[in-house]
Amino acid sequence: MPLRRDEAFVLARYPFRERDFVVVLLGRAAGQLRVVARRVRSLRASHATATEPLAHVRVTYFERAGSELATLDEAEVIRSAFDLASRPPAWAAGQVVAELALVYTQPGQRNEPAFRLVERCVACLLDGHDSAAVAWYAELWFLRLGGVFPELARCGVCGVGLPPGPRLFDGLEKRFVCAEHRPAGSVARIAAAGVEWLQRASRLPLEQIGEAPPADAAGWLVSLREAFTEREVKSWRYLRLLLKDGGGADGSR
Ligand SMILES: [Zn+2]
């Protein structure tokens, strides 16, 4: 059984057998990875902390031939995300980021851009950045990393540069179009403010994106992700609830 080392984020953890956990990690080198943490509930506190969701950790683990489950050997915390627990919207946004990472990454496939995106999102949440902005930035960037984010600047049919302002999206062909190539069927319109948010978030680091997108751009991001992944991200429900309760900007629908 070869011993491997990696740096990882904890995406999820759930009980397994009598007293063990399965911990789902996003490793910088390994991509998505499932490890069994033995008797972690009775282990010393530091080891338990290292398997808390969104913890940034250094791990060693044993791979087992023919098994998708590796066995955790050691886990050491680089940065805990425990502080998020005292700020429910930040915690909920972190869950959205983790769930998106689960949806978009594959077991055994190195995906360093996805690792860096999660790293950036978790760091911003811990630093007190706007929770909804972080979650929506993750929605946009996982689409970009997945290679399915359409070209915003040009018509997807004729290639003509699109002027500043609102955009028409062909929902069937999944491309932005000029007025001339507006299809007869499914068209989504994103107003100028939403287009501008999408352009800024595509270009700028998360630290410079301080607010959630307008509702039309947010809804468009969700529909694009659902079309591409065929998955609902359930963590959004809780984040939306918290944002409404807090009276904050709720860009989702
Ligand atoms: Zn065109």
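The values are calculated or read from the model by the stated rules, or taken from the named source; none is laboratory data. Everything numeric in this text was worked out from a predicted model, so none of it was measured. For neighbour counting, all protein chains shown are included, and Cβ atoms are generated from backbone atoms with ideal geometry for every residue, glycine included.
Can you confirm whether region 33-53 contains a residue that is crowded, with 17+ Cβ neighbours inside 10 Å, in contact with an Asp or Glu (Cβ under 7 Å, 6 or more places away or on another chain) and at pLDDT 95 or above?
Scanning region 33-53 turns up at least one residue that is crowded, with 17+ Cβ neighbours inside 10 Å, in contact with an Asp or Glu (Cβ under 7 Å, 6 or more places away or on another chain) and at pLDDT 95 or above.
Condition test on residue 162, is it over 30 Å from residue 53 (Cα atoms) and either among the hydrophobic types (A, V, I, L, M, F, W, C) or in contact (Cβ under 8 Å) with a residue 12 or more places away in the chain (or both)? Give the steps one after another, and end with the answer.
Values: over 30 Å from residue 53 (Cα atoms): yes; either among the hydrophobic types (A, V, I, L, M, F, W, C) or in contact (Cβ under 8 Å) with a residue 12 or more places away in the chain (or both): yes.
The answer is yes for residue 162.
Would you mind finding the one in 170, 130 that is touching a residue at least 12 places away in the same chain (Cβ under 8 Å) and more than 15 Å from the ligand (Cβ to nearest atom)? Give the derivation first.
Numbers: 170 fails: more than 15 Å from the ligand (Cβ to nearest atom).
Testing whether each residue is touching a residue at least 12 places away in the same chain (Cβ under 8 Å) and more than 15 Å from the ligand (Cβ to nearest atom) leaves just 130.
Conditions (1) within 16 Å of the ligand (Cβ to nearest atom); (2) within 15 Å of the chain's Cα centre (by Cα), marked per residue:
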site: 140; (1), (2): no, yes
site: 144; (1), (2): no, yes
site: 152; (1), (2): yes, no
site: 174; (1), (2): yes, no
site: 182; (1), (2): yes, no
site: 194; (1), (2): no, no
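Name the helices (runs of 4 or more DSSP H) wholly inside region 138-253 in which the number of residues that are in contact with a Pro (Cβ under 6 Å, 6 or more places away or on another chain) is 1 or more. Write out each step before concluding.
On the way: elements: 192-203, 215-229, 235-245.
Hits in region 138-253: 192-203, 235-245.
Taking residue 204 and the conditions (1) loosely packed, with under 12 Cβ neighbours inside 10 Å; (2) in contact (Cβ under 8 Å) with a residue 40 or more places away in the chain; (3) of a type in the set (A, V, I, L, M, F, W, C), which numbered condition does it fall short on, given that it satisfies the others?
Residue 204 satisfies all of (1) loosely packed, with under 12 Cβ neighbours inside 10 Å; (2) in contact (Cβ under 8 Å) with a residue 40 or more places away in the chain; (3) of a type in the set (A, V, I, L, M, F, W, C) except (2).
Is there a residue being away from the ligand (no atom under 16 Å from the Cβ), surrounded by 13 or more Cβ atoms within 10 Å (Cβ to Cβ) and either outside the structural domain of residue 100 (by TED's automatic domain parsing) or not aromatic (Phe, Trp, Tyr) (or both) anywhere in region 156-163?
Step one: list which residues in region 156-163 are away from the ligand (no atom under 16 Å from the Cβ), which gives none.
Scanning region 156-163 turns up no residue that is away from the ligand (no atom under 16 Å from the Cβ), surrounded by 13 or more Cβ atoms within 10 Å (Cβ to Cβ) and either outside the structural domain of residue 100 (by TED's automatic domain parsing) or not aromatic (Phe, Trp, Tyr) (or both).
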